[in-house]
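Report on the following structure.
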Amino acid sequence: MILNKVEKTQIEPKITLVGAGPGDPDLLTLKGVKALASADVVLYDALVNEALLNYAPENSIKVYVGKRSGDETFSQELVNKLMIDYALNYGHVVRLKSGDPFVFARGFEEIDVAESYSIPTEIVPGVSSALGVPGLQKIPMVYGNLSESFWVVTGTNANGEISPDLYVAAKSNATIVVLMGIEKIKDIAAIFKAEGKYDLPVAVIENGSSASENVVVGIVDTIEELIEEKKLASPALLVFGNVVSLHPQFNSIKEFYAIMAQEEY
């Protein structure tokens with residue numbers, strides 16, 4: 001008697017962290033496209049453009065895991081658990097994260113958890129909003145005598161407090177990009193005012209690189225009022241520094257102050 005053998009497909013777990021970029025789906029890297037094409041499961045964040053899911057196989061599992069600022073519906077512990085469970089039971093998990101996985105995205109924590117289960121891992125860097133979004137607005141991080149370096153700082157730390165690094169950064173002449181800080185704009189602006197930088201140029205970019213992008217350019221002294229007037233909200237980043245004066249919108253501010261100076265004279 002001949003028995004028919006039923007071969008069971010062996011699952012080979014793997015976890016790949018892929019940076020999805022700041023919002024525009026065209027900013028995903030080619031390596032990111034290739035990773036998605038081989039995914040059995042995709043775990044994607046709230047700020048990821050869902051058009052990127054089209055690069056994954058039609059029969060792959062797509063799981064939304066939230067992670068907006070202030071939204072604890074999907075805790076990091078839960079995301080870690082889902083990531084491990086799906087990898088062990090289905091195979092290749094692509095963890096699709098907005099921006100770059102290692103820029104305020106807890107990418108190392110997720111890789112550390114995966115490797116604690118001896119699951120092979122891979123990193124696919126992405127375009128960080130900290131650099132890509134100002135760049136799309138033609139705001140350089142360094143330029144001539146305006147700035148020789150830059151800082152990337154989170155608006156608040158894990159305790160919900162203003163990052164101590166911001167107080168140090170505000171004393172420098174560097175370009176300072178603040179992520180997840182728009183809700184604390186009053187407190188952040190006060191830090192720069194304490195350094196006498198009332199006239200320091202500021203750009204606020206909401207939904208950077210997406211179709212709904214909004215940009216406001218002003219100075220430290222009035223940026224809070226401009227944000228309220230334009231009704232800007234998270235997700236948005238703040239750029240403090242003299243390089244912001246290169247943005248076309250800043251020309252009207254310079255003209256305004258020139259007129260005021262003439263009238264006073």
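The values are calculated or read from the model by the stated rules, or taken from the named source; none is laboratory data. Given the structure is predicted, the values throughout are model-derived calculations rather than measurements. Reconstructed Cβ throughout: ideal geometry from the backbone, glycine too, with neighbour counts over all protein chains shown. The protein model used for the area step is the full one, side chains on, heavy atoms only, and it has no ligands, DNA or RNA in it. Shrake-Rupley method; radii C 1.70, N 1.55, O 1.52, S 1.80 Å.
The table below lists the values:
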| quantity | calculated |
| --- | --- |
| Translational diffusion of the chain, µm² s⁻¹ [Kirkwood Rh, Cα pairs; Stokes-Einstein; 10 °C; 1.306 mPa s] | 78 |
| Distance (nanometres) between label positions extended 7 Å along Cα→Cβ at LYS230 and THR154 | 2.6 |
| Relative compactness, the range 129-255, computed as alpha-carbon Rg over 2.2 N^0.38 Å | 0.95 |
| Accessible surface of the chain, 1.4 Å probe, proportion on carbon and sulfur as whole % | 52 |
| Gyration tensor (alpha-carbon) shape descriptor, the range 14-124, a/c threshold 1.5 | rounded |
| Accessible area in square angstrom per residue, the range 129-255, 1.4 angstrom probe | 48 |
| Förster radius 51 Å - calculated FRET efficiency between ASN251 and SER38, Cβ distance, rounded to 0.05 | 0.60 |
| Average accessible area per residue (Å²) across the range 14-124 - probe 1.4 Å, nucleic acids and ligands excluded | 47 |
| Greater than 32 Å apart at Cα, pairs in LYS14/LYS231; LYS31/LYS231; LYS62/LYS138; LYS138/LYS193; LYS193/LYS230; LYS138/LYS197 | LYS14/LYS231; LYS31/LYS231; LYS62/LYS138 |
| Positive-end residue, the range 129-255 charge dipole about Cα centroid, Cβ charges, pick of LEU237, ASN157, PRO134 | PRO134 |
| Share antiparallel - DSSP beta bridges, the chain, percent rounded to 5 | 45 |
